[in-house]
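Undergrad: The structure's right below; bear with me while I get my questions together.
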C-alpha cells in the first residue's frame, strides 16, 4: 500500500511538473524563435541617381490599432532616419501589395506592405521608402503578437518632388459649411478641399479660416485663394474660379408672427434683411441691393443675426446652408434656444448658391486650378463628395431638426 501511494504521488508530480517545465522552456526560448527586430547597422542612404517619382496612390488602412503601431515603429526605427520627419505613411493598394509579395517572399497573412514619405531635410525633395511589417507570430505561429519592422526588406524607391504649398482662406463661422472649432478648420468645404488635396500630386493645401470680410481681403491682396466664393460680374473680373465645389442652400428665416410669402427678390422690397459682413449672392442680389429693393444689414455671424431678428431689428435673416445651419446656430446661444419655436424657414429658398475656390488673377494659379478641377471631378465621380455632403445634410452630428422649428406659410 505504501509503495502504491508513493507511485501515485510520483505520477501526480510528473503530470504537474511536465507542463510546468514545458511552459518554462517556451517562456525562456520563445525570443529565439521570433524574427530579429534589430535595425540595420547602416541605415538606408539616398543614392544620387535615385529616380524622381510620384508616391503610389495609397488606401487608408482600416485597423486603427495596427495603423498606430506601424506609425510608432516607423518613427522609432533607425531605418527611418530618426533625426528626420516621417510626413506621410502610405498603405498601398491591393495590386501593389500583390506585386511586393514576390519581392518579400512572405505569405500575405503574415505581413503588411507599407511605404513612408520622409522629409530628409532637402528643400527640393522627400524620399519614398518601402518596407514590410511582419505580424510577429509566437508559439510556432499559433498566436499573433506584436508587429516588427523587417529592415532587410526595406528599400528606397526614389525621390519625391516636394509639394508646392498653397494657402486657402475661408469663413471661420459658417456651420456646417465651413467653420473653426478649437482652432481647427472643419466643415463641408474643408473636408472636400482635403479630399481633393489627397488626390492631387505636387500640391499641399493649407486652409486658414477668418471672419469672411478678413478672409476675402487676404485673398484680394494675393495672400492665397478663397473657398466658398460666389460668382458676381465684379468678382469675375478679379478672380479665376474653380469648378463648382458645393451648392449652398441659402434660406430665409423669420419669426412666426412675421412670416410672409416669398417667391422672388421683389417680395423682399421694404424689408430689412440680415446677412454676414462682406457676403454676396450673385449679380441679381447685387442689382437688387444697389437699386434699393433690398435693405441689407451686415453682421459678424448668424447668432447675432437671429438675436437682431428676435429684437425686431430685422424682418428676416439669410442663413446657410439650410435647416442644419439654423439648428446649429440656435444651439450656440441660450436666448435663441429658449425662443427656438418662434423661428420659421420660408418654403422657397433665397438661392441655391454655387460655391467656388478662387484666386486673384495676378497670382496666375491657372495650372493649380486645372489640377484642382481634375481631382474634384474624380472625387465627385467616385461618390466621395456626395458622402461628405450627405453626412452633414442628413443631420450628421446635429440630429434631425426639432419639430418646433416650423416652416412658413405654404406657397
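The values are calculated or read from the model by the stated rules, or taken from the named source; none is laboratory data. Only a predicted model underlies this, so the values are computations on that prediction, with no experimental measurement involved. In this analysis, Cβ positions are derived from the backbone assuming ideal geometry, glycine residues included, and neighbour counts consider all displayed protein chains.
Undergrad: Let me confirm something: among 302, 400, 409, which residue is modelled with pLDDT under 95 and in contact with a helix residue (DSSP H, G or I) (Cβ under 6 Å, 6 or more places away or on another chain)? First the steps, then the outcome.
TA: Numbers: 400 fails: in contact with a helix residue (DSSP H, G or I) (Cβ under 6 Å, 6 or more places away or on another chain); 409 fails: in contact with a helix residue (DSSP H, G or I) (Cβ under 6 Å, 6 or more places away or on another chain).
Within the list 302, 400, 409, the selection yields 302.
Undergrad: Now a separate question. In this structure, is residue 226 at pLDDT below 95, part of a strand (DSSP E or B) and buried (at least 16 other Cβ atoms within 10 Å of the Cβ)? First the steps, then the outcome.
TA: Working: at pLDDT below 95: no; part of a strand (DSSP E or B): yes; buried (at least 16 other Cβ atoms within 10 Å of the Cβ): yes.
No; evaluated as a whole, the condition is false for this residue.
Undergrad: Which members of the stretch 287-304 meet the condition of being without any contact (Cβ under 8 Å) to a residue 60 or more places away in the chain, farther than 20 Å from residue 340 by Cβ, outside any helix (DSSP H, G or I) and in contact with a strand residue (DSSP E or B) (Cβ under 8 Å, 6 or more places away or on another chain)? Walk me through how you get there before you give the answer.
TA: So the first thing to find is which residues in the stretch 287-304 are without any contact (Cβ under 8 Å) to a residue 60 or more places away in the chain, and the list is 287-299, 303-304.
This time we only want the ones that are farther than 20 Å from residue 340 by Cβ, so: 287-298.
Restricting the remaining residues to those that are outside any helix (DSSP H, G or I) gives 292-298.
Within the stretch 287-304, 294, 295, 296, 297, 298 meet the criteria.
Undergrad: Let me ask something additional. In the stretch 253-274, is there at least one residue being in contact with a strand residue (DSSP E or B) (Cβ under 7 Å, 6 or more places away or on another chain), modelled with pLDDT under 95 and within 22 Å of residue 190 (Cβ to Cβ)?
TA: Within the stretch 253-274, not a single residue is in contact with a strand residue (DSSP E or B) (Cβ under 7 Å, 6 or more places away or on another chain), modelled with pLDDT under 95 and within 22 Å of residue 190 (Cβ to Cβ).
Undergrad: Let me ask something else. Counting only residues that are surrounded by 10 or more Cβ atoms within 10 Å (Cβ to Cβ) and under 20 Å from residue 199 (Cβ atoms), which one in the stretch 57-71 is modelled with the highest pLDDT?
TA: For the stretch 57-71, the residue satisfying everything is 61.
Undergrad: Shifting gears a bit: Consider only pairs whose beta carbons are under 6 Å apart and that are at least six residues apart or on different chains; among these, list those whose first residue lies in the stretch 248-265 and is assigned by TED's automatic domain parsing to the domain that holds residue 319 and whose second residue is surrounded by fewer than 18 Cβ atoms within 10 Å (Cβ to Cβ) and modelled with pLDDT of 95 or more.
TA: Close Cβ pairs satisfying both conditions: none exist.
Undergrad: Checking the condition within 14 Å of residue 358 (Cα to Cα) and assigned to a strand (DSSP E or B), which residue from 234, 240 passes? Before the answer, list the steps.
TA: Working: 234 fails: assigned to a strand (DSSP E or B).
Residue meeting the stated conditions: 240.
Undergrad: Separate question: Looking at the structure I just gave you, is residue 168 farther than 23 Å from residue 278 by Cα, buried (at least 23 other Cβ atoms within 10 Å of the Cβ) and at pLDDT 95 or above?
TA: Values: farther than 23 Å from residue 278 by Cα: no; buried (at least 23 other Cβ atoms within 10 Å of the Cβ): yes; at pLDDT 95 or above: yes.
Taking the combined requirement at face value, the residue does not satisfy it.
Undergrad: Additional query: For the stretch 264-282, what are the residues that are part of a loop (DSSP other than H, G, I, E, B) and surrounded by fewer than 20 Cβ atoms within 10 Å (Cβ to Cβ)? Give the steps one after another, and end with the answer.
TA: Step one: filter the stretch 264-282 for residues part of a loop (DSSP other than H, G, I, E, B), giving 264, 269-271, 277-282.
Result: 264, 269, 270, 271, 277, 278, 280, 282.
Undergrad: Among what's in the stretch 189-213 and is outside any strand (DSSP E or B) and more than 12 Å from the chain's Cα centre (by Cα), pick the residue that is modelled with the lowest pLDDT. Working first, answer last.
TA: Quick first cut of the stretch 189-213, residues outside any strand (DSSP E or B) only: 189-202, 211-213.
Now narrow it down to the ones that are more than 12 Å from the chain's Cα centre (by Cα): 199-202, 211-213.
Numbers: 199: 85, 200: 84, 201: 73, 202: 76, 211: 92, 212: 91, 213: 90.
For the stretch 189-213, the residue satisfying everything is 201.
Undergrad: While we're on this one: Does any residue of the stretch 249-261 turn out to be under 20 Å from residue 282 (Cβ atoms) and loosely packed, with under 15 Cβ neighbours inside 10 Å? Before you say what the answer is, go through the steps one by one.
TA: Within the stretch 249-261, the subset under 20 Å from residue 282 (Cβ atoms) is 249-253.
Filter once more, keeping what is loosely packed, with under 15 Cβ neighbours inside 10 Å: none.
No.
Undergrad: From the list 292, 282, pick out the single residue that is at pLDDT below 95 and more than 33 Å from the chain's Cα centre (by Cα).
TA: One residue alone meets the criteria, 292.
Undergrad: For residue 124, all conditions in the list (1) modelled with pLDDT under 65; (2) closer than 30 Å to residue 219 by Cβ hold save one; what is the number of the exception?
TA: Among (1) modelled with pLDDT under 65; (2) closer than 30 Å to residue 219 by Cβ, the lone unmet condition for residue 124 is (1).
Undergrad: To continue, here is another question. Residue 352 fails exactly one of the following numbered conditions: (1) in contact with a helix residue (DSSP H, G or I) (Cβ under 9 Å, 6 or more places away or on another chain); (2) in contact (Cβ under 8 Å) with a residue 40 or more places away in the chain; (3) farther than 30 Å from residue 201 by Cβ. What is the number of that condition?
TA: (1)
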